[in-house]
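Taken together, the values in this text are just the output of simple stated rules run on the coordinates, not laboratory data. This structure is a prediction, so every number in the text was calculated from the model and none was measured. Here Cβ is always computed from backbone atoms with ideal geometry, including for glycine, and neighbour counts include all displayed protein chains.
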Amino acid sequence: MRVIVTVIGNDHVGIVAAVATELTKLNINIVDMSQTIMDQSFTMMLLAEWDDQQLSLADAKQALTALGQRNDLTIRVQRQSVFDAIQKI
């Protein structure tokens, strides 16, 4: 399964490390990533993939949402196909 993960929040040390560590724990591979800081606001978008026979989308969303809550971030996970379709509208 391929998904787009977006991370938004106030910039602070360790955001990329925290997200990458959680993805590693979930056995989710980062395929591509872009991040920037604009006026103390951190934004990151990444393309990730994993075997959905091993981990459901719902479980991945739950784990990443919980990570966001612990780190004062908004983390959203969306299937790449849905993300691509929305961008075409």
Cα-based Rg and Dmax for region 2-79, in Å, come out at 11.8, 40
Residue order, fewest to most surrounding Cβ atoms within 10 angstrom, among Glu49, Glu22:
Glu49, Glu22
Taking the number of other C-beta atoms within 10 Å as the exposure measure, put Lys88, Lys25, Lys61 in order starting with the fewest.
Lys88, Lys25, Lys61
With Ala60 itself left out, Lys, Arg at +1 and Asp, Glu at -1 over residues whose Cβ is under 14 Å from its Cβ give 0
